[in-house]
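A.B. asks: Right, I'll just put the structure down here and ask away after.
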């Protein structure tokens, strides 16, 4: 509830010309394999850097539902999304009109389905990576911290993607 209120307030301030930071919501898609926990990374459309799926708020959806929708659109994965963020990071969004600071809340997504066709397939690459590979591939240092913290707390139990 508080997260949604904070987002609505931030959006209202930015429309009124305030200096609010734009909020976005992202997913940390993961699965268990014989080699341990793996993370699904995607490339950004503009630069091709490896990132986790993320995007802006969608009317009628909670922040974690927005994150799950971005994972479906950008990475072609579906699963069980946690309702509590793993963490947040700040970055700069580059647009045709200039740059804007954004803050992204990241939610865990236990992947159940990997689609062979998805909305942004032609615009992005995707790849499963181990924790160590993900930490090397990710371009945002704060995302690396989120991955390391996620691993330090231990894998989430099957069927329960939300941390208590």
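A.B. asks: So which residues in the range 82-91 are within 11 Å of residue 106 (Cβ to Cβ) and touching a strand residue (DSSP E or B) at 6+ places or on another chain (Cβ under 7 Å)?
C.D. replies: Selection gives 82, 85, 86, 87, 88, 89.
A.B. asks: Among the numbered criteria (1) farther than 17 Å from residue 147 by Cβ; (2) assigned to a strand (DSSP E or B); (3) out of contact with any helix residue (DSSP H, G or I) (no Cβ under 8 Å at 6 or more places or on another chain), which one does residue 110 miss?
C.D. replies: Of the numbered conditions (1) farther than 17 Å from residue 147 by Cβ; (2) assigned to a strand (DSSP E or B); (3) out of contact with any helix residue (DSSP H, G or I) (no Cβ under 8 Å at 6 or more places or on another chain), the odd one out for residue 110 is (1).
A.B. asks: Return a yes/no flag: does the range 103-119 have any residue that is in contact (Cβ under 8 Å) with a residue 12 or more places away in the chain, surrounded by 14 or more Cβ atoms within 10 Å (Cβ to Cβ) and out of contact with any strand residue (DSSP E or B) (no Cβ under 6 Å at 6 or more places or on another chain).
C.D. replies: Taking every residue of the range 103-119 in turn, at least one turns out to be in contact (Cβ under 8 Å) with a residue 12 or more places away in the chain, surrounded by 14 or more Cβ atoms within 10 Å (Cβ to Cβ) and out of contact with any strand residue (DSSP E or B) (no Cβ under 6 Å at 6 or more places or on another chain).
A.B. asks: Still on this structure, I have one more. Taking interchain pairs and intrachain pairs at least six residues apart, which have beta carbon atoms under 8 angstrom, with the first residue in the range 60-83 and free of Cβ contacts under 8 Å to residues at least 40 places away in the same chain and the second in a helix (DSSP H, G or I)?
C.D. replies: 61/69; 78/68; 78/71; 78/72
A.B. asks: List the pairs whose first member sits in the range 140-151 and is without any contact (Cβ under 8 Å) to a residue 24 or more places away in the chain, whose second member is surrounded by 18 or more Cβ atoms within 10 Å (Cβ to Cβ) and outside any helix (DSSP H, G or I), and whose Cβ atoms are under 6 Å apart, counting only residues at least 6 apart or on separate chains?
C.D. replies: If the second residue must be surrounded by 18 or more Cβ atoms within 10 Å (Cβ to Cβ) and outside any helix (DSSP H, G or I), the pairs left are 144/138.
A.B. asks: Kindly indicate which of 51, 92 is closer than 17 Å to residue 142 by Cα and without any contact (Cβ under 8 Å) to a residue 40 or more places away in the chain. Please lay out each step first, then the result.
C.D. replies: Values: 51 fails: without any contact (Cβ under 8 Å) to a residue 40 or more places away in the chain.
Checking each option against the conditions leaves just 92.
Laboratory data are not the source of any read-out in this text; all were calculated from the coordinates shown. Everything numeric here is computed off the predicted structure, so don't read it as measured data. In this analysis, Cβ positions are derived from the backbone assuming ideal geometry, glycine residues included, and neighbour counts consider all displayed protein chains.
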